[in-house]
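Shown next, in structure tokens, is the structure this report addresses.
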């Protein structure tokens, strides 16, 4: 069994094809984030937020081309909570016509889950 299979099962990371995905955590969560990214197909769309203490911790992450990786450096005043709040407000607007959905794993949560605008 591969490490990616074990970690994916541990956080229940099973996005469906076409799901908009969100991965969010801190430097200590990088193994989980990298493993989840490795399971995504090349056409996946989404956002990754990683909060680190200093700019020296920023490095390249392998992600599909339509998955944006954003490093949030605390010493520059960036925060994971603020970034998540702003991104989710934009991606999950409340509309009467349709429901918006994001498949997400956020550090501190045991499993991945679907977030909706309803």
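The numbers here are math on the coordinates, done by the rules we state, and not lab data. What you are looking at is a predicted structure, and each value in this text was computed from that prediction instead of being measured. Cβ coordinates were reconstructed from backbone atoms using ideal geometry, including for glycine residues, and neighbour counts include every protein chain displayed.
DSSP beta bridges confined to the chain are antiparallel in about 15 percent of cases.
Highest average first, the peptides 15-23, 40-48 ordered by how many other beta carbon atoms sit within 10 Å of their residues are 15-23, 40-48. Stokes-Einstein, applied to the Kirkwood radius of the chain over Cα pairs at a viscosity of 0.692 mPa s and 37 °C, places its translational diffusion at 223 µm² s⁻¹. Rounded to the nearest 0.05, what FRET efficiency is calculated for residue 58 and residue 12 with R0 set to 30 Å and r the Cβ-Cβ distance? The pair residue 58/residue 12 has a calculated efficiency of 0.60.
Net length available on complete extension from residue 113 to residue 75 is 10.6 nm, with 0.36 nm assigned per residue and the Cα-Cα distance removed.
Packing, as the average of other Cβ atoms within 10 Å across residues, places the peptides 57-66, 101-110 in the order 101-110, 57-66, highest first.
Note the full-extension length gain between residue 45 and residue 68 as 0.36 nm times their separation in residues minus their Cα-Cα distance, in nm to one decimal.
Values: separation 23, 0.36 × 23 = 8.28 nm, distance 0.82 nm.
Extra length from residue 45 to residue 68 when fully extended: 7.5 nm.
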